[in-house]
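Below is one structure, written out as structure tokens; the observations come after it.
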Amino acid sequence: MTGSRDTYGGYRARLVEQLRAQGIRDLAVLRAFAATPRHLFVPEAVRHRAYEDTALPIGIGQTISQPFTQARYLETLGLGGKERVLEIGTGSGYQTALLAALAEQVFTIERMRPLAEGAQAALRAAGVTNVSVLVGDGTLGWSAYAPYHAILVAAGGPEIPPPLVEQLAPGGRMIIPLGAKGAQTLTLVRRTAEGIRTAPIGEARFVPLVGEHGFDA
């Protein structure tokens with residue numbers, strides 16, 4: 001994903017060591033962070049902070065999440081490299097690029113066209129080719145390519161959107177922040193033969209999930 005003129009490798013290596021020190025053990029996840037150029041996915045005004053373990057503003061009231069938070073739920077998904085993944089909330093496209101390094105194919109939905117177009121440009125610049133981007137209501141999912149082995153929702157909603165449950169493959173896993181605006185519980189959802197099973201992962205703070213099965217805009 002990175003070119004010969006990349007000068008950020010040392011910063012990425014330091015970020016990976018920080019993630020490792022905080023308990024991230026999945027080598028595939030750590031390799032994805034080592035290879036993915038986060039500086040391409042943030043505005044130039046904050047590019048000097050691209051490899052800090054912190055959330056950063058990307059415009060239109062949206063943020064690029066803290067790397068440790070992303071690493072934690074990517075590790076929880078336990079991707080093996082052959083999955084078809086649905087992402088709700090493309091945002092800057094950075095998490096999309098991380099998913100693309102961990103799965104075979106990524107389908108991502110962003111409701112704000114300027115963000116979707118910016119993410120597509122950043123993904124191209126990063127050399128990511130196994131991603132499809134849709135502008136639309138993420139709470140409805142993307143039924144044309146369902147079922148998905150994994151679904152990652154990068155915004156906090158009041159409930160699990162039923163269309164996402166329907167589009168999750170048997171044995172599939174979904175990560176979604178659930179709760180009120182401003183404070184949610186990051187939740188692991190599994191589709192088993194006995195039905196849907198949920199387990200809390202920890203507290204989280206995400207932008208609101210807006211759509212038919214989320215919050216009003």
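Amide H to amide H distances under 5 Å link residue 201 with 186, 187, 188, where only residues 5 or more positions off or on other chains count and H is placed in the peptide plane.
Once you list every other residue whose beta carbon is under 14 Å from the beta carbon of residue 145, what net charge do they have if Lys and Arg are +1 and Asp and Glu are -1? Net of charged neighbours comes to -3.
Go through 204-213, 9-18 and give me the packing order, highest mean Cβ count within 10 Å leading. Spell out each step's value before the answer.
Numbers: 204-213: 19.2, 9-18: 15.5.
Top of the packing list down: 204-213, 9-18.
Projected over every direction and averaged, the convex hull enclosing the alpha-carbon atoms of the chain yields 10.9 nm². Considering only alpha-carbon pairs that sit under 8 angstrom and 6 or more positions apart, the relative contact order computed for the chain is 15 percent.
Positive contributions from Lys and Arg (+1) and negative ones from Asp and Glu (-1), summed over other residues with Cβ under 9 Å from the Cβ of residue 24, come out at +1.
Listed values for region 59-72 are Karplus-derived 3J(HN,Hα) couplings in whole Hz (6.51 cos²θ - 1.76 cosθ + 1.60, θ = phi - 60°), namely x, 6, x, 10, 9, 9, 5, 4, x, 4, 4, 5, 4, 5, and x replaces Gly and Pro. Database remark: amide H of residue 209 closer than 5 angstrom to the amide H of 156, 157, 215 (H placed geometrically; neighbours at sequence offset of 5 or more, or on other chains; Pro and chain starts carry no H).
Could you sort the peptides 192-201, 131-140 by per-residue average Cβ neighbour count (10 Å cutoff), highest mean leading?
Values: 192-201: 9.8, 131-140: 18.8.
The packing order, highest mean first, is 131-140, 192-201.
Here the Karplus curve 6.51 cos²θ - 1.76 cosθ + 1.60, taken at θ = phi - 60°, turns the phi angles of region 30-38 into couplings of 4, 5, 4, 5, 5, 9, 9, x, 4 Hz, with x standing for Gly and Pro. Taking the average, over residues, of other Cβ atoms within 10 Å as the packing measure, peptides 85-94, 156-165, 180-189 rank 85-94, 156-165, 180-189 from highest down.
Between region 135-206 and region 47-86, the alpha-carbon centres lie 16 Å apart. Note on region 9-204: antiparallel DSSP beta bridges, both residues inside, total approximately 50 percent of the bridges counted. A simple rule links phi to the HN-Hα coupling: the Karplus curve 6.51 cos²θ - 1.76 cosθ + 1.60 with θ = phi - 60°, which for region 177-182 gives x, 10, x, 6, 4, x Hz, with x for Gly and Pro.
Where a number appears in this text, it was derived from the coordinates with a stated rule and is not lab data. The structure displayed is predicted, hence computed values, not measured ones. We place every Cβ from the backbone using ideal geometry, glycine too, and count neighbours over all the protein chains shown.
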